[in-house]
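Peer 1: Okay, here's the structure, questions in a sec.
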Protein chains: 2
Amino acid sequence: MGKRKYTIGVDFGTESGRAVLVDAANGKELATAVYKYSHGVIDETLPVDGKSVRLEPDWALQDPEDYIRTFKRTIPAVLRQSGIDPADVIGLGIDFTACTMLPTLADGTPLCSLPDYRRNPHAWVKLWKHHAAQPEADKINATARQMGEAWLARYGGKISSEWFFAKTLQILAEAPEIYAAADRLIEAADWVVWQLTGVETRNACTAGYKAMWSKREGFPREAYFDALDPRLEYVVEQKMTRIIHSIGERAGGLTPQAAKWTGLKPGTAVAIANVDAHVSVPAATVTEPGRMVAIMGTSICHMLLGGQEQLVPGICGYVEDGIIPGLFGFEAGQSGVGDIFAWLVDNAVPPEYHAAAKKRKVDLHQHLEDEAAKLKPGESGLLALDWWNGNRSVLVDVDLTGLVLGATLATKAPEMYRALIEATAFGTRVIVEAFNNHGVPVNEIVTCGGLPEKNKLLMQIYADVTGLELKVTASAQTPALGSAMFGAVAAGQAAGGYDSIFEAAQRMARLKKETFKPNRAAQKVYDRLYAEYLTLHNYFGGGGNDVMKRLKHIKADVRSR
Amino acid sequence: MGKRKYTIGVDFGTESGRAVLVDAANGKELATAVYKYSHGVIDETLPVDGKSVRLEPDWALQDPEDYIRTFKRTIPAVLRQSGIDPADVIGLGIDFTACTMLPTLADGTPLCSLPDYRRNPHAWVKLWKHHAAQPEADKINATARQMGEAWLARYGGKISSEWFFAKTLQILAEAPEIYAAADRLIEAADWVVWQLTGVETRNACTAGYKAMWSKREGFPREAYFDALDPRLEYVVEQKMTRIIHSIGERAGGLTPQAAKWTGLKPGTAVAIANVDAHVSVPAATVTEPGRMVAIMGTSICHMLLGGQEQLVPGICGYVEDGIIPGLFGFEAGQSGVGDIFAWLVDNAVPPEYHAAAKKRKVDLHQHLEDEAAKLKPGESGLLALDWWNGNRSVLVDVDLTGLVLGATLATKAPEMYRALIEATAFGTRVIVEAFNNHGVPVNEIVTCGGLPEKNKLLMQIYADVTGLELKVTASAQTPALGSAMFGAVAAGQAAGGYDSIFEAAQRMARLKKETFKPNRAAQKVYDRLYAEYLTLHNYFGGGGNDVMKRLKHIKADVRSR
């Protein structure tokens, strides 16, 4: 046995970036470090000097400098903590939220870092949850339908306002000077790999899931882009590239500058960029069909592998080799989950519960979970639609909003808390059924992310609502572990890593022993409640009553006066 | 001009009783006193010694001893405060919540005061908002429809679970021993007048509005009662009476015992009992058609006079001479209004707003109102159905529940507060339109009760939503003033009072100068929101989707296990 080798994964989340240093032989996590972005999510005013620049509703930006700071703070920290010799770190992988994109100069300089553009919101990073490009998404969808573009069906028939070309089109429409100044339009995932390696590469995962690219057909044709806007006709040639790298490839080696930032050796292998959700799949032991991976946090991403091409209405999309080589990677999502519970905790819980939580020395989420756990399924009389942040799958509609029904004068906060958990579980069941009904079976759910660690009541409710067994990854930082695994694959077996992600998954990924199995009695009650959920879901989300959209229009009308 | 004469009104509310002493010549209020019922609303456990007796959900009881204590505490207090000679108090009137009823012995002794029955919940006063008699109300309605009972149409086609025979039938069904032991079944309004005068009388108002009696047809026929339950066939003869007194009559004179309780002179004229809402109409200056009186507090009662008989679907009922002699008195209601705002304030407002209110030295309602007033109509994007306590008019369905729609991750408590106010305003508009569409026109709304005093935002929203001018009674205690007016009528002109309520109203009732007129721009937005409200109202309340009822069934199923 040779000397132990190590690999580092860096996971760029919504609020912070996290590095984990693991043993390449067995995935054991030796050190972890988190950097909370200094500007976090920018959704009110730009962090600029002088007169403040206010953002419109639904905007969500970030500062790319926060990503560089993540490297500078977290990698030296994990090296220090573990005491590992940087020479024994064979690879580095990263994963990112997506679609999170930015405009840059030809050398990668973000436009927002230039004095000329710093006060223009469109020069900044548009975070995945920037939801202001809905008119552009509508145009993308209408034009694609009109022109009979075949790729539309791959995305469940609808492109989200969160995706790459919706955001691009919004820049073009609202800030043509930024569009013109942008030599490159690039996913933040690829941008940070560029900063590490000095080489601009593009990964198949974000290209496939967020930018309408496929291995067989490439990007949409130029005539389509021309129809969207003549200035967009050659966007791929002018500001992107047609060279797309497969997940698992090596992007390059660390530059001397990046080596200085991180304390690693120049030339250390860096993997092609990946997406937080997708990179979690092999880290959750899943490299085969039938086992859905649910990354559960502020939102949920559902990842599922299939042996063949299938059209599933309302899913986010599928990409051949997009997650695991040789398989079709299907993705679906719920745009608000932990976010909704946090909304309740922050906005609708009276002081007595805050005081009780404090007295018990638990956080308010935990206290409400404990109180909610005392209720039986159906006992609250409440039913909610989990659309506080719109609906990603299967309705693909950011203009849908949250609903609570069944309130009485006796309704209490723990009942609301439980109803919101249940609503998100029903949302998951809608997605599972969509896959099952369209030839991509789901036999179990492997979960990771913050929620499975924190909320056992939630896990049991999801098992009871879906009727499926829920498993949990052993790692508390699955995406970072997945990135580290891809770092080991980028390094290759000869360097002490692996030649494929299948081998890496077998050696480095593990599940917890504890699982959550459906309870028959609870399942029966939830079947009744789910039927009610589905009726409301279809009524408000399927065109029966578009009141949610009309209220948004009225709100916009009133605000514009 | 003779010596000044005075009259006292006592208003029995849900949580407390209130006496006001007024100048009979001009209605000027000289003193007021409130007694908070020592047992308040009994809805969890009976106030008895020994092992606790828990109540089922939806129960709401009271202790009749609290009513006697109200007389003992408040009347001496107003005499003391005003320094008036009790010999100059010419009359006493009372008004009560309704239907609030109790079983007694032949001498008026409440069954709940007897050791044998004290631990039986059915022996206590069933408060108006006791909502556990819905199965009995369903039976009353189904049987009446089946037998083609003509009186059903007078009540909008549906009897409420709150009413007299629903409560009676529940006693019979669940506690036949209490039914058997009850020599009398009587409205609490009539019971307190009995305690004052020593004479059992029954008033036309509660008989007409709550017990299916009418001046022309009397009570329902015995065959109908027999069909409900053979033991009920002779309920009117056995436990009630067919002698019903008109509003404005004299019930009797104060007994020596009641004189001792109150400090008034024995023989002081006591008016026939009245209902809080109905007694407010002349006190709000309304003795003619076209002017709706809205008594706005925890709930709203809508009172309207009409020159002729009209069938208005979904109203609570109409009674000839039920409010003002010579006119048809129409009644409608919203079962949750101030209650819903209080629910929000108690159950869904986070600590920061509590702290801000404290800092500003205003109560939390006021703080939320001030914050909500900064929003434009439609700006919150929220829409609610105001059914936290069911829906009285026009759906007459206690099994309906509250709904909020339009929530996003940015939704804040003041937006919720405003949405709930708006929802109750839409509920009022539904009622106004029902009257307008069925031949009982509404040209303005005269308001009284706690809300108009406290919440100017609410008043403006009601004007904007209904498109009607809202006026406010000058008295802060309109029902008590109305009762005092009827006390003056019971005394008669010869004693220094009046011979009719018309004269009393002209002399004793007044409105404030400040009124609330609709704002055109706000009206336009609210017309759009009202259209959405109405669609949801009809979908969830009109049989389009009975999910609210099914959730209640599921809740009951789960709880019963």
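Peer 1: Quickly run through the range A:415-443 and pick out the residues that are open to solvent by 10 Å² or more (accessible area, probe 1.4 Å), within 12 Å of another protein chain (Cβ to nearest Cβ) and not acidic (D, E).
Peer 2: A:M416
Peer 1: Let me ask something additional. Given the conditions (1) open to solvent by 10 Å² or more (accessible area, probe 1.4 Å); (2) in a helix (DSSP H, G or I), which single one is not true for A:R216?
Peer 2: For A:R216, the exception is condition (2).
Peer 1: Name the one entry in B:A106, B:A87 that is surrounded by fewer than 17 Cβ atoms within 10 Å (Cβ to Cβ) and touching an Asp or Glu at 6+ places or on another chain (Cβ under 9 Å).
Peer 2: Values: B:A87 fails: touching an Asp or Glu at 6+ places or on another chain (Cβ under 9 Å).
Step by step, each of B:A106, B:A87 is checked, and only B:A106 is surrounded by fewer than 17 Cβ atoms within 10 Å (Cβ to Cβ) and touching an Asp or Glu at 6+ places or on another chain (Cβ under 9 Å).
Peer 1: Scanning for something in contact (Cβ under 8 Å) with a residue 40 or more places away in the chain and facing chain B (nearest Cβ under 8 Å), does the range A:310-333 turn up at least one residue?
Peer 2: No, every residue in the range A:310-333 fails to be in contact (Cβ under 8 Å) with a residue 40 or more places away in the chain and facing chain B (nearest Cβ under 8 Å).
Peer 1: Does B:A251 count as in contact (Cβ under 8 Å) with a residue 12 or more places away in the chain and open to solvent by less than 20 Å² (accessible area, probe 1.4 Å)? First the steps, then the outcome.
Peer 2: Values: in contact (Cβ under 8 Å) with a residue 12 or more places away in the chain: yes; open to solvent by less than 20 Å² (accessible area, probe 1.4 Å): yes.
When the stated conditions are applied, B:A251 passes them.
Peer 1: Another one. So which residues in the range B:340-367 are under 16 Å from B:K454 (Cβ atoms), within 13 Å of chain A (Cβ to nearest Cβ) and in contact with a Lys or Arg (Cβ under 9 Å, 6 or more places away or on another chain), if there are any at all?
Peer 2: The answer is B:L364, and nothing else.
Peer 1: Pairs, please: C-beta under 6 Å, at least 6 apart or cross-chain, first residue more than 16 Å from A:G248 (Cβ to Cβ) and in the range A:262-282, second assigned to a helix (DSSP H, G or I) and small (G, A, S)?
Peer 2: Final answer for the pair search is A:K265/A:A87; A:P266/A:A259.
Peer 1: Could you grab me the full set of residues in the range B:48-64 that are out of contact with any Lys or Arg (no Cβ under 6 Å at 6 or more places or on another chain), assigned to a loop (DSSP other than H, G, I, E, B) and crowded, with 16+ Cβ neighbours inside 10 Å? Give the steps one after another, and end with the answer.
Peer 2: First pass over the range B:48-64, keeping only residues out of contact with any Lys or Arg (no Cβ under 6 Å at 6 or more places or on another chain): B:49-52, B:54-59, B:61-64.
Next cut, assigned to a loop (DSSP other than H, G, I, E, B) only: B:49-52, B:55-59, B:63.
If the condition is that a residue be out of contact with any Lys or Arg (no Cβ under 6 Å at 6 or more places or on another chain), assigned to a loop (DSSP other than H, G, I, E, B) and crowded, with 16+ Cβ neighbours inside 10 Å, then B:L55, B:D58, B:W59, B:D63 are the ones that fit.
Peer 1: Sticking with this structure for a sec: Please enumerate the residues belonging to the range B:142-156 that are open to solvent by less than 30 Å² (accessible area, probe 1.4 Å) and not in a helix (DSSP H, G or I). Break it down stepwise before answering.
Peer 2: To start, the set of residues in the range B:142-156 that are open to solvent by less than 30 Å² (accessible area, probe 1.4 Å) comprises B:143-144, B:149, B:151-152, B:154-156.
Answer for the range B:142-156, where residues must be open to solvent by less than 30 Å² (accessible area, probe 1.4 Å) and not in a helix (DSSP H, G or I): B:E149, B:G156.
Peer 1: Consider B:I243 carefully, then state whether it is over 22 Å from the mean Cα position of the chain (by Cα) and open to solvent by less than 10 Å² (accessible area, probe 1.4 Å).
Peer 2: Values: over 22 Å from the mean Cα position of the chain (by Cα): yes; open to solvent by less than 10 Å² (accessible area, probe 1.4 Å): no.
Against the criterion (over 22 Å from the mean Cα position of the chain (by Cα) and open to solvent by less than 10 Å² (accessible area, probe 1.4 Å)), B:I243 does not qualify.
Peer 1: Related question: Give me a count of the residues in the range B:389-411 that are in contact (Cβ under 8 Å) with a residue 12 or more places away in the chain and either more than 8 Å from every other protein chain (Cβ to nearest Cβ) or open to solvent by 10 Å² or more (accessible area, probe 1.4 Å) (or both).
Peer 2: Total meeting the criteria: 14.
Peer 1: Can you tell me which residue is nearest to A:G329 (Cα to Cα) among those in the range A:253-293 that are charged (D, E, K, R) and assigned to a loop (DSSP other than H, G, I, E, B)? Steps first, answer last, please.
Peer 2: If we filter the range A:253-293 for residues that are charged (D, E, K, R), which is where we start, we get A:260, A:265, A:276, A:288, A:291.
Checking the rest, the ones that are also assigned to a loop (DSSP other than H, G, I, E, B) come to A:265, A:288.
Values: A:K265: 34, A:E288: 10 Å.
Per the criteria, the residue is A:E288.
Peer 1: Sort out which residues of the range B:25-47 are part of a loop (DSSP other than H, G, I, E, B) and either touching a Cys at 6+ places or on another chain (Cβ under 9 Å) or surrounded by 19 or more Cβ atoms within 10 Å (Cβ to Cβ) (or both), and write them in order of number. It would help to see each step written out before you state the result.
Peer 2: To start, the set of residues in the range B:25-47 that are part of a loop (DSSP other than H, G, I, E, B) comprises B:25-28, B:37-41, B:43-44, B:46-47.
Selection gives B:G27, B:Y37, B:L46.
Peer 1: Now, a different point. Being under 29 Å from B:W343 (Cβ atoms), modelled with pLDDT of 95 or more and among the β-branched types (V, I, T) is the requirement here; does A:I340 meet it? Break it down stepwise before answering.
Peer 2: Numbers: under 29 Å from B:W343 (Cβ atoms): yes; modelled with pLDDT of 95 or more: yes; among the β-branched types (V, I, T): yes.
Yes: the conditions hold for A:I340.
Peer 1: Looking at the range A:518-548, which of its residues are in contact (Cβ under 8 Å) with a residue 12 or more places away in the chain and either in contact with a strand residue (DSSP E or B) (Cβ under 8 Å, 6 or more places away or on another chain) or among the acidic types (D, E) (or both)?
Peer 2: Passing the criteria: A:L529, A:E532, A:Y533, A:L536, A:H537, A:F540, A:G541, A:M548.
Peer 1: Would a scan of the range B:52-66 turn up a residue that is free of Cβ contacts under 8 Å to residues at least 12 places away in the same chain and among the β-branched types (V, I, T)?
Peer 2: Quick first cut of the range B:52-66, residues free of Cβ contacts under 8 Å to residues at least 12 places away in the same chain only: B:52, B:54.
Narrowing the set further to residues that are among the β-branched types (V, I, T) leaves none.
No, the range B:52-66 contains no residue that is free of Cβ contacts under 8 Å to residues at least 12 places away in the same chain and among the β-branched types (V, I, T).
Peer 1: Can you tell me which residues in the range B:114-141 are closer than 25 Å to B:S52 by Cα, out of contact with any helix residue (DSSP H, G or I) (no Cβ under 7 Å at 6 or more places or on another chain) and surrounded by fewer than 20 Cβ atoms within 10 Å (Cβ to Cβ)?
Peer 2: Hits for the range B:114-141 are B:L114, B:P115, B:D116, B:R119.
Peer 1: For A:G336, are the conditions met, namely being at positive phi, in contact with a helix residue (DSSP H, G or I) (Cβ under 9 Å, 6 or more places away or on another chain) and facing chain B (nearest Cβ under 9 Å)? Don't jump to the end; show me each part of the working.
Peer 2: Numbers: at positive phi: no; in contact with a helix residue (DSSP H, G or I) (Cβ under 9 Å, 6 or more places away or on another chain): yes; facing chain B (nearest Cβ under 9 Å): yes.
No.
Peer 1: Scan the helices (runs of 4 or more DSSP H) fully inside the range A:451-561 and keep the ones with 1 or more residues being open to solvent by 20 Å² or more (accessible area, probe 1.4 Å) and within 14 Å of chain B (Cβ to nearest Cβ).
Peer 2: On the way: elements: A:456-466, A:478-491, A:501-508, A:520-541, A:547-560.
Filter on the range A:451-561 gives A:520-541, A:547-560.
Peer 1: Just need a number here: residues in the range A:369-387 that are over 27 Å from A:Y318 (Cβ atoms), open to solvent by less than 40 Å² (accessible area, probe 1.4 Å) and within 13 Å of chain B (Cβ to nearest Cβ). I'd like the intermediate steps shown before the answer.
Peer 2: Of all residues in the range A:369-387, those over 27 Å from A:Y318 (Cβ atoms) come to A:369-384.
When the remaining residues are screened for being open to solvent by less than 40 Å² (accessible area, probe 1.4 Å), the result is A:369, A:372, A:375, A:377-384.
With the extra rule that they be within 13 Å of chain B (Cβ to nearest Cβ), the set shrinks to A:375, A:377-384.
Here the count works out to 9.
Peer 1: With respect to B:V22, determine if the residue is in contact (Cβ under 8 Å) with a residue 12 or more places away in the chain, among the β-branched types (V, I, T) and open to solvent by 30 Å² or more (accessible area, probe 1.4 Å). Give the derivation first.
Peer 2: Numbers: in contact (Cβ under 8 Å) with a residue 12 or more places away in the chain: yes; among the β-branched types (V, I, T): yes; open to solvent by 30 Å² or more (accessible area, probe 1.4 Å): no.
Answer is no for this residue.
Peer 1: So B:D464 fits all but one of (1) out of contact with any Pro (no Cβ under 7 Å at 6 or more places or on another chain); (2) closer than 18 Å to B:Q334 by Cβ; (3) of a type outside the set (G, A, S); what number is the exception?
Peer 2: That leaves (1) as the condition not met.
Peer 1: So A:A175 fits all but one of (1) within 30 Å of A:H438 (Cα to Cα); (2) over 22 Å from the mean Cα position of the chain (by Cα); (3) open to solvent by less than 10 Å² (accessible area, probe 1.4 Å); what number is the exception?
Peer 2: Failed condition: (1).
The values are calculated or read from the model by the stated rules, or taken from the named source; none is laboratory data. Everything quoted here is computed from the prediction, not taken from an experiment. Note that we place each Cβ from the backbone using ideal geometry, even for glycine, and neighbour counts take in every protein chain shown. Note: areas computed on protein heavy atoms with side chains; ligands, DNA, RNA excluded. Shrake-Rupley method; radii C 1.70, N 1.55, O 1.52, S 1.80 Å.
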